[in-house]
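Engineer: What follows is a single structure, and I will ask about it in a moment.
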Amino acid sequence: MVSKKMNHLLKAPFCVHPNTGRVCVPIDPNNCDEFDPLLEVPTLSQIIEEINSAGLNMDVDDDNSDSSLLGKSINFSRSSFLKRLLKSCKLLEE
């Protein structure tokens, strides 16, 4: 059974699910049939492990960010939403 409660339906990108520890990631609706959350969504524990193993060498704005656990999702969020939002805000200022 799936809940219809509002807190179940709306999840902000990159928040952590309280039971599974998985990070909510934005997905491309054009490729949603290929999306496998068990393979493509990291847990908070995995991200912490990645950060601890990379130490000070991890750079959020690195061009290689696709190789991090959240890199692909962050880049998709930037290109599909954040850049468009910024562009529309700039148009409103003019």
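Engineer: Under the Karplus relation 6.51 cos²θ - 1.76 cosθ + 1.60, θ = phi - 60°, what is the ordered set of whole-Hz ³J(HN,Hα) values for the range 77-89, x standing for Gly and Pro?
Structural biologist: Using θ = phi - 60°, the values come out as 4, 4, 6, 8, 10, 5, 5, 5, 5, 4, 4, 5, 5 Hz.
Engineer: How much length would be gained if the chain were fully extended between Leu82 and Phe14, taking 0.36 nm per residue of separation minus their Cα-Cα distance, in nm to one decimal?
Structural biologist: 23.1 nm
Engineer: Moving to a separate point now. For a protection proxy built on the mean count of beta-carbon atoms within 10 angstrom, sort 72-84, 29-41, 12-24 highest first, please.
Structural biologist: Output ranking for 72-84, 29-41, 12-24: 72-84, 12-24, 29-41.
Engineer: May I pose another question? Mind checking the full-extension length gain between Lys72 and Ile47? Use 0.36 nm per residue of separation minus the Cα-Cα distance, one decimal, nm.
Structural biologist: Taking 0.36 nm per residue and subtracting the Cα distance, the gain is 7.6 nm.
Every read-out reported here was derived from the displayed coordinates using simple, explicitly stated rules and does not represent laboratory data. Note that the structure is predicted; figures quoted are calculated from it, not measured. Please note: Cβ atoms are built from the backbone with ideal geometry, for glycine as well, and neighbour counts cover all protein chains shown.
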